[in-house]
1. Mind checking which of 306, 358, 378 is farthest towards the positive end of region 289-403's charge dipole, using Cβ charges of +1 (Lys, Arg) and -1 (Asp, Glu) about the Cα centre?
2. In percent, how large is the relative contact order of region 249-390, given Cα pairs closer than 8 Å and 6 or more residues apart?
3. When DSSP beta bridges are limited to those with both residues in the chain, what percentage is antiparallel, rounded to the nearest 5?
4. Only Cα pairs under 8 Å and at least 6 apart count here; give the relative contact order of region 352-482 as a rounded whole percent.
5. If R₀ is 56 angstrom, what is the calculated FRET efficiency for the pair residue 372 and residue 329, using the beta carbon separation as r and rounding to 0.05?
6. Could you go through region 126-133 in sequence order and give the Karplus-derived ³J(HN,Hα) for each residue, using 6.51 cos²θ - 1.76 cosθ + 1.60 with θ = phi - 60°, rounded to whole Hz, and x for Gly and Pro?
7. Taking the Cα-to-Cβ direction at residue 466 and at residue 44 and moving 7 Å from each Cα, how far apart do the two end points lie in nm?
8. Taking 7 Å along the Cα-to-C-beta vector as the label spot, tell me the residue 428-residue 151 distance in nanometres, rounded to one decimal.
Amino acid sequence: MLLNQDENTEKSVPGPGAANAQWGGRFAAGPSAIMQEINVSIGFDKALWRQDIRGSRAHAAMLRTVGILTEADHEAIASGLDAIEAEIEAGRFAFEPALEDIHMNIEARLSERIGEAGKRLHTARSRNDQVATDFRLWVRDAIDGIDAQAAALMRSLASRALQHASDVMPGFTHLQTAQPVTFGHHLLAYVEMLHRDRGRLADARRRLNECPLGSAALAGTSFPIDRRMTASALGFDRPTRNSLDAVSDRDFALEYLSALSILAMHLSRLAEEIITWCSAPFGFVRLSDAFTTGSSIMPQKRNPDAAELTRAKTGRVTGALVGLLTVMKGLPLAYAKDMQEDKEPVFAATDAAALCLAATDGMVRDLEARTDRMRALAGSGFSTATDLADWLVRVLKLPFRDAHHVTGRLVGRAEARGVALSDLSLEEMQAEHPGITAEIFDVLTVENSVASRTSEGGTAPANVSAEARRWLSELAEAEMRP
């Protein structure tokens, strides 16, 4: 928290005589307490410590190869970074707010451990290209993790789709009963969405996979470095091509957040459906105690809170995207301290999306489908009316628009009597069109309706089974690939 402004606005922070001991001789006095509070980022960017150490290892190895570091200095730096890594993993590393960020914290600790050699590590780099590299590495790792979770959810959905390939349910448009579909077909729709989400993440990963290291502050460096060596060592496809762009843009983070926002929106849609399906008027599914909570006053309640919170957390992800867009929208080239605000929203959005993926996967595997209830409502709202119209076109050769009108009049008759279309007599149907025969009743069952939807991508149970098996096979093969 900020210190009391009345008492501390002008008070300097005790320290080694400079704003940051790493700065050298430019600043004679320490920062005010408020300046330190607004400037420090170690509280959140310490999450980059693995990437920072990895980048420093690659940079040091390159400096040794091109002759900027001696073998002895390189060995000291490498062993020092190993020791710092062990300290952080063991929880023994003291993160110092006075050193501002993770980069200075690690560099200061390295110099403390190994002396002069540690001070040579920052040759031919800046915190600007260092943080750009670390952040790209972090986002790349995050994409890989989110992608794996999305693939797991796809497997769960495809498995449940195969299990329910023949179970009919109402299909909706405008949340009104439209035509019967199968529950398996409905679940496979989300498999398709997640597949596209993974494609967007893969595209974002491909575009971010260029290495900024060696761009230095903004103009490159006069040292004879080998940027392709560091790029390769860190798993990047190539170095970035323009030093100004490399240190000053965060479109890779924005693209990641954009893909993540669309993914979160898809999870929110599924969450909303689970919430609706769990409600008493629908009763399509039941979640166990593992994914529901009770009420403090109503003992009968079983609330689908995991789904509700998944729906709500979408706001965090999309908010992170809007927030970072706002940070970046007016920045001239090259780096500005505004960009310190890039990490927290990305970290928070990733945590939220990962949790929502885990919760959704758990709910999909946990839910009990009430197939009898789905079947009972699948024929409601005259859901097979389109099948009747299609029969008139197919058998009686009516133009579809005429068939639509005949069917509409029959729906009106049934609605007036309060019965289903299949409960109309043949005579009542023939009153609207004399060519109708008893064969019409065969197409008015929901089972025959879904079975007839054999077009590619349709809801016919045979289609759904084949598609679910295809997805499960494709996902299994992808998991086996290196």
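1. Working it through, the farthest residue towards the positive pole turns out to be 378.
2. 32
3. 85
4. 19
5. Working: r = 54 Å, r/R0 = 0.97.
Once rounded, the FRET efficiency stands at 0.55.
6. Karplus-based 3J(HN,Hα) across region 126-133 equals 10, 4, 5, 6, 5, 5, 4, 5 Hz.
7. Each label point lies 7 Å from its Cα, and together they span 5.0 nm.
8. About 5.5 nm, to one decimal.
The values are calculated or read from the model by the stated rules, or taken from the named source; none is laboratory data. Worth saying up front: this structure is predicted, and the values here are computed from it rather than measured. Neighbour counts run over all protein chains shown; Cβ positions are idealised from the backbone, glycine included. Remember, those area values only see protein heavy atoms, side chains included, never the ligands or the DNA or RNA. Shrake-Rupley method; radii C 1.70, N 1.55, O 1.52, S 1.80 Å.
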